[in-house]
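Single-structure report; data block below.
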Amino acid sequence: MKDWRAFAAKICGWTAGAFIAAMVLLTVADILLRAAANKPIPGVVELVELMLACSFFLALPAVFLRDGHIVVDVVDAVAPRSVALLRRLAAALAVLALGLMAWQGWIGASDALAFGDVTSYLSIPRIVYWIPVLAGIIGAALAAIVVAAGGGEDGR
């Protein structure tokens with residue numbers, strides 16, 4: 001099971017990394033064009049916002065798949081036998097929280113689609129922003145289900 005998890009996490013990580021690289025390159029190009037020729041890239045803020053959403057939310061499933069959350073090891077020394085159970089419990093709570101986020105996000109995405117919301121400068125449909133957000137949240141929820149079912153990367 002570890003192989004598919006590592007592959008999926010790698011895909012998520014590379015995709016998020018590509019969006020971060022594109023964000024950096026676009027920002028640098030905008031700064032250089034603004035400074036050198038007084039010709040900024042139109043709508044760069046909207047594009048960077050979209051790439052930021054893509055990078056964060058598409059990386060979220062990888063955090064669950066790699067068990068990469070920030071952890072404070074308070075219980076490990078006191079009750080080491082409880083750690084595996086607590087990890088599964090935390091993953092189950094994450095599934096509930098991510099499910100709630102996905103449900104509310106779906107409502108927001110549906111509204112954006114129904115009303116034809118667009119960004120103010122480039123008129124990018126707002127649904128384009130919702131796609132990576134929902135994909136990341138749902139992917140993270142699926143990854144958390146794997147962890148909650150006992151598929152922790154370290155076998156616990």
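Worth pointing out:
- Inter-residue pairs, beta-carbon under 8 Å, first at negative phi and in region 60-75, second modelled with pLDDT of 85 or more and open to solvent by 60 Å² or more (accessible area, probe 1.4 Å), 6+ apart: P61/L142; A62/K10; V63/H69; V75/L86
- Test: residue in region 118-130 that is in contact with a strand residue (DSSP E or B) (Cβ under 7 Å, 6 or more places away or on another chain), closer than 16 Å to V48 by Cα and free of Cβ contacts under 8 Å to residues at least 12 places away in the same chain: yes
For (1) among the β-branched types (V, I, T); (2) surrounded by fewer than 12 Cβ atoms within 10 Å (Cβ to Cβ); (3) within 17 Å of A141 (Cβ to Cβ), each residue gets a yes or a no:
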position	(1), (2), (3)
A18	no, no, no
V28	yes, yes, no
L33	no, no, no
P80	no, yes, no
R87	no, no, yes
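- Test set (1) open to solvent by 90 Å² or more (accessible area, probe 1.4 Å); (2) free of Cβ contacts under 8 Å to residues at least 40 places away in the same chain - V45 fails condition number: (2)
- Flag if S120 is in a helix (DSSP H, G or I), farther than 28 Å from K10 by Cα and among the polar types (S, T, N, Q): no
The values are calculated or read from the model by the stated rules, or taken from the named source; none is laboratory data. The shown structure was predicted, so the numbers you read here are calculated from the model rather than taken from an experiment. Note that each Cβ is placed from the backbone with ideal geometry, even for glycine, and that neighbours are counted across all protein chains shown. The accessibility values were calculated without ligands, DNA or RNA, using every heavy atom of the protein model including side chains. Shrake-Rupley method; radii C 1.70, N 1.55, O 1.52, S 1.80 Å.
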